[in-house]
Every structure is written in structure tokens, then in C-alpha cells.
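Undergrad: Got a structure for you, written out below as C-alpha cells; questions coming shortly.
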Amino acid sequence: MSALLYAGRLAAQVPEHQTILLWQDGAPGAKGDADVDNPALTLYSASGPNKVPTAVVVCPGGGYVHLAMDHEGKQVAEWLNHLGISAFVLKYRLGPKYHYPVELWDAQRAIRYVRAHAADFGVEPNRVGIWGFSAGGHLASTAGTHFDPGDPNGADAIDKQSSRPDFMILAYPVITFLEPHAHLGSLHALLGEKPDPELVRLLSNELQVTPQTPPAFLFHTSDDTVVPVQNSIQFYTALRQAGVPAEMHIYLHGPHGVGLAQHDPVLRTWPDRLADWLKAQGLR
């Protein structure tokens, strides 16, 4: 049974999963104490004989204004669990209430949290990746191009951890904020209606790749009418020019936002390519 077929049958078998706040005493920059003001991780720890010490922080898409928590969150975590990989679905703060750098703080904190608790989850701190869809792909690629080694004098063990993901998985990601291939909805939700041009360039992540950027797997479709495929192409090209290992799969047809594409006879094969890449990287 393929991993993708299996993913569609898990709902009745998987118990409720623990959700933890990333900051127990209130998130930095919070503008309230409602659910939307408290970034959190839902834990899907792998178990069983095929468990491997790899973890993935999952960032659902939604244009930085909502989160597709089912088909780009829960289903993805269950698919990873079937591969023996532990998953952590991130509920990050959103625009227009929150702007950069708050969303990045949430993603970085998630990576640091998993690293700090790696032993508790049975994972290795150097096998913590990030997977993002659409605007979540922008957040994931931002985490992969804007990271720090952690604060050795941090207030807690989490602050001391590096925020660099060890690998990135980017599904139909928003990458650039520059015309003509920018997704303007994500741009304005993250940076406001009249963004600073310097911030626009800073968060056009194809311009921020260095040899220290982590390896990446990219998936897109040629006729995506929401986020142009050039987003993935430009990022892949930048990775290759920097000598960063990268693999990209571009399918001819398919709409934006397909998730694992369980019901598409062609696109449903893309997670199998990802599973192969994870194996080739020694991550499963």
C-alpha cells in the first residue's frame, strides 16, 4: 500500500493529538490573548517499528490570512507518521492583525522547540525540517534563508537552539514578492498594503539563498494560476547556483492548493517522489 493511499485511511485510527503553546506566558508581540494570538504546535509523534529520528514542522498555507489546517496540516502530519517521521503542525499568527517579523518568530520558535525537546520526541536535533504550502511555503523558505544560531544566554533552553531547519519541503510555495510573479495577497497580508521596498526584497527569498541554506524539495504545477510556477523555479535556480542540494518536480496540470492530491490520479504521485527524496537524504 502506498504512503499516499494509506494517508487517506488514517482519520479513524489516529487519536487526538496534544497541542502546546509555543510561549507559555504569552507570545512576543501579542496583541491579545485569544486563540489567534497564541501560536501553537500540534504534536504528531511517530511510533512503531518504522519510526525514524526525523521531525518536520508543518506550515499550512492560506495567504497569511487563514490556515488550511486539514489538507495542509493534519493530513500531512498523518502521512509523515506513516513514514515513521514525527510531525508538528504549526498554528502561526496571521495578517492583517500581525505582520512580519511575527510569523517568522513563530516558525523559528517551533524549530527551536522541537530541537530543545528532541530527546522527548525520540528525534535527532540535526534532523528537524520544515514543510510549507503556498504562503506557508513562503514562511518555510523564510525560515530556511533567515535563521540564527540561537542565543547562548537565552532565558530558556528553547532560546538557545538554532532556528535553521535541516531541510525544507516547499509545495507550490510563495517565494518572491517581486513583480511579475509575486502573490500580492500574501505580500500585503505579511507586509501591509504599502510595504517598504527593502522588506519586499529581503523577503523575496530567491534573493536570500546562500551556501548555508538547507537542502530543499520543491513541488509545483505549470498551470498554477494563484502562485506562478516561477516562484519554485527561481528558488531552485538560486539553490543550485549556491551549491545547495535541491530537487524539484513540476507537473504539467493541476490547481493551486492540492495538498497531497489524494484524489488526483496524476498529482497523487508527488508525495511518493518526496518519500523517495527523504530516503535519499537519509531522513527515513
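The values are calculated or read from the model by the stated rules, or taken from the named source; none is laboratory data. Keep in mind the model is a prediction, meaning the values are calculated, not measured. Glycine also receives a Cβ, built like all others from the backbone with ideal geometry; neighbour counts cover every protein chain displayed.
Undergrad: Please specify each residue of segment 227-247 satisfying the condition of being of a type in the set (D, E, K, R) and touching a residue at least 24 places away in the same chain (Cβ under 8 Å). Steps first, answer last, please.
TA: Narrowing segment 227-247 to residues of a type in the set (D, E, K, R): 240, 247.
The one that is of a type in the set (D, E, K, R) and touching a residue at least 24 places away in the same chain (Cβ under 8 Å): Glu247.
Undergrad: Let me ask something additional. Checking Ala107 against (1) over 22 Å from Gly257 (Cβ atoms); (2) touching a Leu at 6+ places or on another chain (Cβ under 6 Å), only one condition comes out false. Which one?
TA: (1)
Undergrad: Cβ contacts < 8 Å: first residue within 12 Å of Arg240 (Cα to Cα) and hydroxyl-bearing (Ser, Thr, Tyr), restricted to segment 208-226; second residue buried (at least 19 other Cβ atoms within 10 Å of the Cβ) and at pLDDT 95 or above, any location; separation 6+ or different chain. Result?
TA: Matching pairs, first to second residue: Thr210/Thr145; Thr213/Gly144; Thr213/Thr145; Thr213/Leu239; Thr213/Val244.
Undergrad: Pick from segment 246-284 the residues that are farther than 21 Å from Glu72 by Cβ and small (Gly, Ala, Ser): which of them is surrounded by the most Cβ atoms within 10 Å (Cβ to Cβ)?
TA: Filtering segment 246-284 for residues that are farther than 21 Å from Glu72 by Cβ and small (Gly, Ala, Ser), the one surrounded by the most Cβ atoms within 10 Å (Cβ to Cβ) comes out as Ala246.
Undergrad: Do we have any residue at all in segment 145-164 that's surrounded by fewer than 24 Cβ atoms within 10 Å (Cβ to Cβ), farther than 18 Å from Val56 by Cβ, at pLDDT below 95 and hydrophobic (A, V, I, L, M, F, W, C)?
TA: Yes, the conditions are met somewhere in segment 145-164.
Undergrad: Those residues that are charged (D, E, K, R) and under 20 Å from Gln281 (Cα atoms), I need them from segment 37-60; list them, please. Before you say what the answer is, go through the steps one by one.
TA: Here is the first cut: in segment 37-60, the ones charged (D, E, K, R) are 37, 51.
Across segment 37-60, the qualifying residue is only Lys51.
Undergrad: Consider Pro255 carefully, then state whether it is modelled with pLDDT of 95 or more, assigned to a helix (DSSP H, G or I) and not charged (D, E, K, R). I'd like the intermediate steps shown before the answer.
TA: Working: modelled with pLDDT of 95 or more: yes; assigned to a helix (DSSP H, G or I): no; not charged (D, E, K, R): yes.
So Pro255 does not fit the description; no.
Undergrad: A further question on this structure: Is one or more of the residues making up segment 169-177 among the aromatic types (Phe, Trp, Tyr), in a strand (DSSP E or B) and in contact with a Ser or Thr (Cβ under 8 Å, 6 or more places away or on another chain)? Walk me through how you get there before you give the answer.
TA: Looking only at segment 169-177, we keep the residues that are among the aromatic types (Phe, Trp, Tyr), and these are 172, 177.
Adding the requirement that they be in a strand (DSSP E or B) leaves none.
Checked against the condition, which is being among the aromatic types (Phe, Trp, Tyr), in a strand (DSSP E or B) and in contact with a Ser or Thr (Cβ under 8 Å, 6 or more places away or on another chain), segment 169-177 yields no hits at all.
Undergrad: Same structure, new question: Applying the selection to segment 263-284, what residues are touching a residue at least 24 places away in the same chain (Cβ under 8 Å) and either of a type in the set (D, E, K, R) or in contact with a helix residue (DSSP H, G or I) (Cβ under 6 Å, 6 or more places away or on another chain) (or both)?
TA: Result: Arg268, Pro271, Asp272, Arg273, Ala275, Arg284.
Undergrad: Next question. Restricting segment 117-166 to residues that are of a type in the set (Phe, Trp, Tyr) and within 10 Å of the chain's Cα centre (by Cα), which is nearest to Ala107 (Cα to Cα)?
TA: Once the filter is applied, the top-ranked residue is Trp131.
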